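Taking it in order: structure first as C-alpha cells, then the write-up.
The values are calculated or read from the model by the stated rules, or taken from the named source; none is laboratory data. If you're wondering where the values come from, they're calculated on a predicted model, not measured in any experiment. Cβ sites come from the backbone with ideal geometry, for glycine too, and all protein chains shown count toward neighbours. To get the accessible areas, we keep the full protein, side chains included, count just its heavy atoms, and leave off ligands, DNA and RNA. Shrake-Rupley method; radii C 1.70, N 1.55, O 1.52, S 1.80 Å.
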Amino acid sequence: MDSMHPDPAPAPPPSLADIKAQVDRLEAAHKAKGTPLSGRIIHVMHHLPVEIVRIVPAESLESGGMLSPPMTPEFKPEDVEATVESADAKWRIHSRTAHPALVSGIKSLSDTHDQILVAWTGEVLLQPDTNVSPQTQSQATFPSIAQNLLAPFTNQNDTPPPTAAAPGNEAPLMVFGGEFNDQEKAEVEKELARFTEVEQDIEVGGRLKYLPVFLPPDVSKSHYEGFCKKTLWPLFHYLLWLDSTATVPSPDPSWLAYHKTNQMFAQRVAEVYQPGDLIICHDYHLLLAPKMIREALGQVFHPNAGWGSAHPSPAPQHANRKFDWEQSQQATPTNDKSKTEKLGGFLSNVGSALGQHLNVGGEHGTPVEVMIGMFMHTPWPSSEIFRCLPTRREILDGMLGANLVSFQTYSYSRHFVSTCIRVCGYESTAGGVDANGQVTAVGYCPIGLDVKRVVHDRELPGVIPKMEALRQLYKDKKIIVGREKLDVAKGVYNKLQAFEKFLQVYPEWRGKVVLIQVTTPALSESPKLERMTAELVSHINGTYGSLDFTPVHHYHQALEKDEYFGLLSVADLALITSLRDGMNTTSMEFILCQDKTNKSPLVLSEFMGTVASFQSALQINPHDLLGVAHAINKGLTMPEAEKEERHQSLLTSVVGHTSYTWAATILKQLLENVGGEHTAHQTPALDVGKFSQAYKNSKKRLLLFDYDGTLTPIVKVPSHAVPTERTLAAITTLAQDPKNVVYLISGRDGDFLEEHWGHVENLGMSAEHGSFVKQPGDEDFTNMTEALDMSWMSEVEEIFKYYTERTTGSTIEVKKASITWHYRNSDPDFGEFQCKQCLDLLESSLAPRRPIEVLVGKKNLEVRPLAVNKGEIVKRLMYENPDADLIFCAGDDKTDEDMFRSLRTVFPPGGVHSSEPIIMKPPVAVTSTLDPEEVAELKDVELHIRPDEIFATTVGPPAKKTLAGWHVTCPEEVVEALEVLLEKQA
Ligand SMILES: O=P(O)(O)OC[C@H]1O[C@H](O[C@H]2O[C@H](CO)[C@@H](O)[C@H](O)[C@H]2O)[C@H](O)[C@@H](O)[C@@H]1O
C-alpha cells in the first residue's frame, strides 16, 4: 500500500452465485416465518435510464420561451442501445448512458425479481421534425477527439462545447420547459412500456418496468440544480467553504423543491406498492424518500418514538392509486407469447394490489412490514460537516425511515452513525442506529462495474482504429489519461497542478509525456472552473510545450465510446486525483481495458470509495502535488513484472465484485434487516376505543404511570422535566374518582415528585424505583429500604465521580437510596463509550459483592438496591387491590419492563380461563416491611382482573422490544388517551 486510508482491506469478495444463494435462503426464511415477500422490488432513483425526446414542428421551437440547451451527455447520443419511436412519430425514447454501474446492477436483479423503477423522466428534449437523424446531429455538435488529435496545433481550448444551436442545417436539441398534460403523460408511459420490451429483446432489461415521475420543471430544476448540486453535493464532498461566496441561502428555497420532489416520488411508489414488496431508494437526491414512503403507506413517524401505524385506525386505503399497469399493457401490442405470459403474470400481480390496504396483506390481514433500503452512492461526510446543514435533522430522519441504509465504504457508514448520534441524539447499536427504539441497520458495500458491458465495449469495432490513431500520433510518447466531470471534487485542477509539478521535478520527461484529459461539464462549478482549468492548461502548454509538442490535451466534451475505450486501452498510466468521490468507474474501466494491452499502472486518490478495494494502485493524496508527481514517475518507470502483478490484483478486484454482486448484496443486506429480531415484533397501537370502553365498564381501576418519558418528554436537564397543565389536569381528575387508584411509579426521588405532584389529592407515589412509597392520602413517603445495607452508595458515587471528571458534561444525581450518572449533555460518542466502561466496572467489581442492581437508562446509568424495583411495587398494588378489574400501566424505559413483567407473572403460565380463580400470594414488597408474625397472618387473595383488562402500554415505536401489549408513540399520546377516557366518562 502506498498511503494510509481508514478503510480495512476487504476480504476476497463472495461470488455472485453465493450471494444469490443467500438471498434465496433469506427469502425462504421469510416465507417460513409467515411474512412472505411479493417477489417484487421497487427501486426509487432520481433519473430514468432513458432520454425522452419529443418531436415537434420546427417552427414551434423558434417561439423560444421555455426552452434551454440540454446538459452534455457523457457519451455521444449515437451510443444508445435501445430506441423506440411512437407510431405518430411524436415521441422517441432511447437509453441513457449515465450511471451504468447502478443501472446494470438494478437490471441484474430482474433475473430473479419483478422490478419497477420509479424515477424522474429527466429533461424532455425537443427535436424539430426535420428528418435529421441523431447521428448527423451529434457529429455536427460534438467534434471527435481523434479529429482534434490529428490536428495537434489547434488550440484545444477552442474546441466548441456541445451546443444546442448546431451549425448549418442541423436540428437543435432543446429542453422542454413546460408541464405535461394528462394525455402526454399517458403517451410517455405507453412509450416507456414499449421501450422496456425493446430492452428485453436486446437482453438488457428483464422484468423491469419504468414508472415515470413527472416533476414540474421548476421543481425538478430547483431540486437537482439547487438543493442537490448546490447544497448536498458540496457538503458531501467537503466543498462547503472552498468558495466563500458559495453560501447556502437561508432559508434555502431549493429545500422546498427537494421536499416536494421526494414527496412526489413517495406518492408514486405508493401508487404501485403491494404488501411484501422490497423498496430500495438510491442516492442523495432522495434522502427524504424512505420516511415519506412509509408515511404514504400509512405509517407515521414521531420524532421521539420512531414509527407507528397511522393511529388508531387500520392502514389507509390508498386514495391516489393512479398508475394503471393493465392499461399500459393493453397499449403494448406484442406477438411474442412467452413474453406476453411473462409480462402478464407480472402485471396481474401488480393489478391485484389495486384497491388493497397498502400495508395489510399478511395472513389473516395482519400488517406486513414496509421494507425499505437506501443506498448512498456519494460519500457521507464527517458529522462535523454534516451538522452545518440547516435541514440536517429532517434529512437524517428521512433516511432513518429505511430499515437499512448502506454506503460505499465502511468509513462513510461510520460517519453516518456518528452523525445520527451527534445531530439527533440517537444511539448506536451493534449494526446501526437506534432512533428511540426503532433500529435502522447501517451497512456498506461498494458498487462495482458492469464488467460484461465494458468487456463488450472495449471490443467495439471502432476501438482498434482509435487505438492505432493514438499510438501513431504519440509513438514516442507516454500517454497519461484522465476523464472526469469538471467538478471541483473530481480534482482535475489539482491533477493539472500535479502534472506541472511532475514536469518541473522530472525534467527528463519533458517532451516525452502527454496528459490527455477529457472532461464533461458539471452543473455548479463549471463556468468558473472551466476558465481556471483552461488558463492552467495554457500555462503548462506555454511553459513546457514547444512548436511541435503540447503536453496537455484537454477535451471538454462528450466522447464516442470507441474513442474512450481506445484511449483507456493505449494509455501508459491513468491519473485519478479526486478530492472526494463515492466510487469511480473510470478507474475500473481502465483496468479492464488494460488487461488487453499494457497492464499500465493506476494512480488513484486515497479520498475515494474505490480505494479500499484497490490496494495495488499507486495511492496518492491529491493535495500533495509532489507526492502525485513522484507517483506519476513511479508509474511510468515501473518494471514490467511489477506492473503485471499490480494489474492482476486490480483486475481480480474489478471482476470479483461487479455491479451485479453489489446489487445482490444490497438486496441481501435488506433481507437480513427486515422481519428480523427488531422488526418481527410489532406492538399494536393502544386501542383507545377499547381501552375507554373497558374503563367505562370497570368498577375499580389501577392506573400506574412512570414519569420521565411517559408523562413528560425526555429533556436535557432532569430538573426541566416538569408536567404540563394538561397532564396535571388529567391525572388530578383521574385521582379524584373513587373508583380509581392512581400511582406515579418513578425513578425520581420523593422530593422531586412532591414538588410537582404533591398537591394532587389522592395520588399515590413510588419514588426511586420503589424505595419510597406514599399511599394515596398519606402525608409522607415510607422508606422501604430502611432495613437495607446502603453503604454501597458512597462507593458508587466515587466511581461515578471518576467518570464525571473525565466526561465533560456528565453529572451525578444523588438520591436517597439510588444514584444516577447522566451523560446526555456529553459528547454523544464519548458519553456512550464511558457509560459502557463504567457499566463494566460496576458490574465486574461492585455488583458481585454488593446488594445492588445497575440499570442502563436513557443516557444514564443508575444504581439502586437489589431488593426494590418497580415490578415489586406493581405486585404490591395488585395484591392490595384484588378487586381491580382494569389496570392501565404505562412506561417507556427498561425499568418499566419490570412493571409489565409483574402484570404477566401473576397469571398462570398456560393462560387463564374465565371461570378459573387467580390466586395471588403476598408479594415481597409487602412482606419485606413486616415482622414474621405479621407475614404469617397475611392471606392469599383472589384477583378479579383478567388479562384482557390489563392495558400495559409502552411509550415508544411498535418495533421496540417490550413486554407491554400496547404502545403509544410519545407522552402526549398518553395524555390524549387519558383525556379520551375522561371525555367518554363524562
Ligand atoms: O422512572 P422514571 O420516572 O422514568 O425516571 C427515570 C430517570 O429519569 C430522569 O432521567 C431521565 O430523564 C431526564 C429528563 O428528561 C433526562 O435528562 C435524563 O437524561 C434521563 O435519563 C431522572 O433524572 C432520573 O433520576 C430517573 O431515575
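Within region 887-899, the presence of at least one residue that is within 16 Å of the ligand (Cβ to nearest atom), open to solvent by 30 Å² or more (accessible area, probe 1.4 Å), out of contact with any helix residue (DSSP H, G or I) (no Cβ under 9 Å at 6 or more places or on another chain) and of a type in the set (D, E, K, R) is confirmed.
Applying the condition of being among the charged types (D, E, K, R) and in contact with a helix residue (DSSP H, G or I) (Cβ under 6 Å, 6 or more places away or on another chain) to region 415-452 and asking which residue is surrounded by the fewest Cβ atoms within 10 Å (Cβ to Cβ) yields R422.
Let's see how each residue does on (1) at pLDDT below 90; (2) under 28 Å from the mean Cα position of the chain (by Cα):
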residue: V23; (1), (2): no, yes
residue: I42; (1), (2): no, yes
residue: E62; (1), (2): yes, no
residue: F75; (1), (2): yes, no
residue: D79; (1), (2): yes, no
residue: T83; (1), (2): yes, no
residue: P100; (1), (2): yes, yes
residue: S104; (1), (2): no, yes
residue: I116; (1), (2): no, yes
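Scanning region 544-569 for residues being β-branched (V, I, T) and open to solvent by 10 Å² or more (accessible area, probe 1.4 Å) gives a total of 1.
Checking E768, E795 one by one, the residue that is closer than 18 Å to L861 by Cβ, touching an Asp or Glu at 6+ places or on another chain (Cβ under 6 Å) and among the charged types (D, E, K, R) is E768 and no other.
Of the set (1) under 42 Å from the mean Cα position of the chain (by Cα); (2) open to solvent by 30 Å² or more (accessible area, probe 1.4 Å), all apply to L711 but (2). State whether the residues of region 777-796 include one that is among the polar types (S, T, N, Q), assigned to a strand (DSSP E or B), out of contact with any Pro (no Cβ under 9 Å at 6 or more places or on another chain) and open to solvent by 10 Å² or more (accessible area, probe 1.4 Å). Looking for residues that are among the polar types (S, T, N, Q), assigned to a strand (DSSP E or B), out of contact with any Pro (no Cβ under 9 Å at 6 or more places or on another chain) and open to solvent by 10 Å² or more (accessible area, probe 1.4 Å), one finds at least one in region 777-796, hence yes.
Which of the helices (runs of 4 or more DSSP H) contained wholly in region 642-744 include at least 1 residues that are within 16 Å of the ligand (Cβ to nearest atom) and in contact with a helix residue (DSSP H, G or I) (Cβ under 9 Å, 6 or more places away or on another chain)?
On the way: elements: 659-672, 677-680, 688-697, 725-736.
Output list reads 725-736.
Considering P958, P922, the condition of being more than 16 Å from the ligand (Cβ to nearest atom) and open to solvent by 30 Å² or more (accessible area, probe 1.4 Å) is satisfied by P922 alone. Would a scan of region 820-834 turn up a residue that is under 26 Å from S771 (Cα atoms), open to solvent by less than 60 Å² (accessible area, probe 1.4 Å) and more than 13 Å from the ligand (Cβ to nearest atom)? Taking every residue of region 820-834 in turn, none turns out to be under 26 Å from S771 (Cα atoms), open to solvent by less than 60 Å² (accessible area, probe 1.4 Å) and more than 13 Å from the ligand (Cβ to nearest atom). Every condition in (1) over 17 Å from R864 (Cα atoms); (2) open to solvent by 10 Å² or more (accessible area, probe 1.4 Å); (3) within 43 Å of the chain's Cα centre (by Cα) holds for A730 except the one numbered (2). Restricting to region 900-919, and then to whatever is hydrophobic (A, V, I, L, M, F, W, C) and at pLDDT below 95, can you tell me which residue is nearest to the ligand (Cβ to nearest atom)? Filtering first and then ranking leaves L903.
Close contacts from region 742-770, counting a first residue that is farther than 19 Å from E872 by Cα and a second that is within 11 Å of the ligand (Cβ to nearest atom) and part of a loop (DSSP other than H, G, I, E, B), with Cβ to Cβ under 6 Å and a gap of 6+ residues or different chains, come to H756/V722. Within region 620-633, which residues are open to solvent by less than 30 Å² (accessible area, probe 1.4 Å) and in contact with a helix residue (DSSP H, G or I) (Cβ under 6 Å, 6 or more places away or on another chain)? Passing the criteria: I620, P622, V628, A629, I632.
Would you pick out the residues in region 753-764 that are within 12 Å of the ligand (Cβ to nearest atom) and either assigned to a strand (DSSP E or B) or surrounded by 21 or more Cβ atoms within 10 Å (Cβ to Cβ) (or both)? Hits for region 753-764 are L753, W757.
Condition check for E853 on (1) touching a His at 6+ places or on another chain (Cβ under 7 Å); (2) in a strand (DSSP E or B): one failure, at (1). For region 863-871, indicate whether the set of residues that are open to solvent by 20 Å² or more (accessible area, probe 1.4 Å) and either in a helix (DSSP H, G or I) or within 13 Å of the ligand (Cβ to nearest atom) (or both) is non-empty. Yes, that holds for at least one residue.
Checking A735, A767, A721 one by one, the residue that is at pLDDT 95 or above, out of contact with any strand residue (DSSP E or B) (no Cβ under 7 Å at 6 or more places or on another chain) and open to solvent by less than 50 Å² (accessible area, probe 1.4 Å) is A767 and no other.
Residue check: I632 meets all listed conditions (1) touching a Pro at 6+ places or on another chain (Cβ under 8 Å); (2) touching a residue at least 60 places away in the same chain (Cβ under 8 Å); (3) farther than 30 Å from A28 by Cα but one, namely (1).
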